[in-house]
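The values are calculated or read from the model by the stated rules, or taken from the named source; none is laboratory data. Keep in mind that this is a model prediction, so the values were computed, not measured. Quick reminder, even Gly has a Cβ in these numbers, built from the backbone with ideal geometry, and neighbours come from all protein chains shown. For accessibility, only protein heavy atoms count, side chains too; no ligands or nucleic acids. Shrake-Rupley method; radii C 1.70, N 1.55, O 1.52, S 1.80 Å.
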Amino acid sequence: MTTARPTSRDDLPRVLELPEPGAPPRTVRPGAGAWLALTVAEARMVARDTAGLVVPLGMPLLVLVMNGLSPGLDQVVPGTGGRTALDVYVLPLTLTMVVATVGVINMPSFLAYYRRTGILKRLGVTPASPAMVLGAQAFVGVAQILLGIALALGVAFVWLGASPPTDPWVAAGVLGLAIAAMYAVGMLVAAVAPTPGSAVAIGLVAFFALGALGGLFGPRENLPDALAALGGWLPFGAAIDALGAAWAGVAVPGSALVGLGATTVVAGGAAAAWFRWE
């Protein structure tokens, strides 16, 4: 009979990979599979929210069709390279609505719900940090925005006879900046809203306030001069002005770019300072 000798560290299976005595535990980083699973879960949440799925796609499309069928919108606007009022006014308004509804209304309500139910707090003690939820939610929101934009452009080009932008790369860059600005506003809403219901309410107020000053309910020229000027600097009106310039092939107003950039920095910074995971 042989005498059993004590098990040494070298005898253990290598798959265990035990840390050295006294060494700090190694942090396990979530891999691509974890990111994919979380993104798919966020997409399912958005898809199951009927109002949150339909409104960002249906409401801008309804505004596009109602305005696109109005008489006079097929008239060429002078100095726009043959573009019509539908191209330089209605389409930019429609695309801005798609971005704003997702960024300012939809996204904050999901984050407020996650914080209210303790999901973000529980994720804080796992390798899947709460920041992963923000990233997944942002990715799904951008996908929803791109779907809404594709749907609106398809209807405008095929049915209403709209023309593509003269500067498509400028239009794409402006859309990216508009998404960043509206997401910053949405993160600020999520930071100050204590409950999912209040997040929707604050988001709706912010959406309609920015829209009213930016031309959602009519030309900004109909507003008092001070409000019209303010609306051009705020993200809704700035996005419309910048997209209209890209469609017409003229220089994008500097005030629009500064307004979108400043909104991203100021609102995003305030959201980062005030946001709480629980």
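Tabulated results
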quantity	calculated
Residue match in the stretch 173-180 (condition: closer than 18 Å to LEU134 by Cβ and either outside any helix (DSSP H, G or I) or touching a residue at least 12 places away in the same chain (Cβ under 8 Å) (or both))	yes
Cβ-Cβ under 9 Å pairs, at least 6 apart or on other chains, the stretch 57-82 side farther than 11 Å from ALA162 by Cα and free of Cβ contacts under 8 Å to residues at least 40 places away in the same chain, far side exposed (fewer than 12 other Cβ atoms within 10 Å of the Cβ) and of a type in the set (A, V, I, L, M, F, W, C)	none
Set GLY161, GLY176: member being touching an Asp or Glu at 6+ places or on another chain (Cβ under 8 Å) and under 24 Å from ASP87 (Cβ atoms)	GLY161
Within the stretch 128-170, considering residues that are closer than 30 Å to PHE275 by Cβ and out of contact with any helix residue (DSSP H, G or I) (no Cβ under 8 Å at 6 or more places or on another chain), the one most open to solvent (accessible area, probe 1.4 Å)	LEU146
Identity of the residue in the stretch 215-255, open to solvent by less than 10 Å² (accessible area, probe 1.4 Å) and under 18 Å from the mean Cα position of the chain (by Cα), that ends up nearest to PRO168 (Cα to Cα)	LEU243
Any chance VAL40 is at pLDDT 80 or above, under 30 Å from PHE217 (Cβ atoms) and either open to solvent by 80 Å² or more (accessible area, probe 1.4 Å) or β-branched (Val, Ile, Thr) (or both)	no
Any chance ARG122 is farther than 21 Å from TYR183 by Cα, in a helix (DSSP H, G or I), open to solvent by 10 Å² or more (accessible area, probe 1.4 Å) and modelled with pLDDT under 80	yes
Selection status of ALA190, under 23 Å from VAL65 (Cα atoms), crowded, with 23+ Cβ neighbours inside 10 Å, small (Gly, Ala, Ser) and touching a Pro at 6+ places or on another chain (Cβ under 8 Å)	no
Residues of the stretch 102-115 satisfying the condition of being closer than 15 Å to GLY58 by Cβ and open to solvent by 10 Å² or more (accessible area, probe 1.4 Å)	ILE105, ASN106
Filtered residues of the stretch 256-266 (kept if within 18 Å of PHE207 (Cα to Cα), hydrophobic (A, V, I, L, M, F, W, C) and open to solvent by 10 Å² or more (accessible area, probe 1.4 Å))	ALA262, VAL266
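Conditions tested, residue by residue: (1) touching a Phe, Trp or Tyr at 6+ places or on another chain (Cβ under 6 Å); (2) at pLDDT below 80; (3) part of a helix (DSSP H, G or I); (4) surrounded by fewer than 11 Cβ atoms within 10 Å (Cβ to Cβ).
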{"position": "THR2", "(1), (2), (3), (4)": "no, yes, no, yes"}
{"position": "ARG14", "(1), (2), (3), (4)": "no, yes, no, yes"}
{"position": "ALA47", "(1), (2), (3), (4)": "no, yes, yes, no"}
{"position": "GLY52", "(1), (2), (3), (4)": "no, yes, yes, no"}
{"position": "GLY58", "(1), (2), (3), (4)": "no, no, yes, no"}
{"position": "LEU61", "(1), (2), (3), (4)": "no, no, yes, no"}
{"position": "VAL88", "(1), (2), (3), (4)": "yes, no, yes, no"}
{"position": "THR94", "(1), (2), (3), (4)": "no, no, yes, no"}
{"position": "ALA100", "(1), (2), (3), (4)": "yes, no, yes, no"}
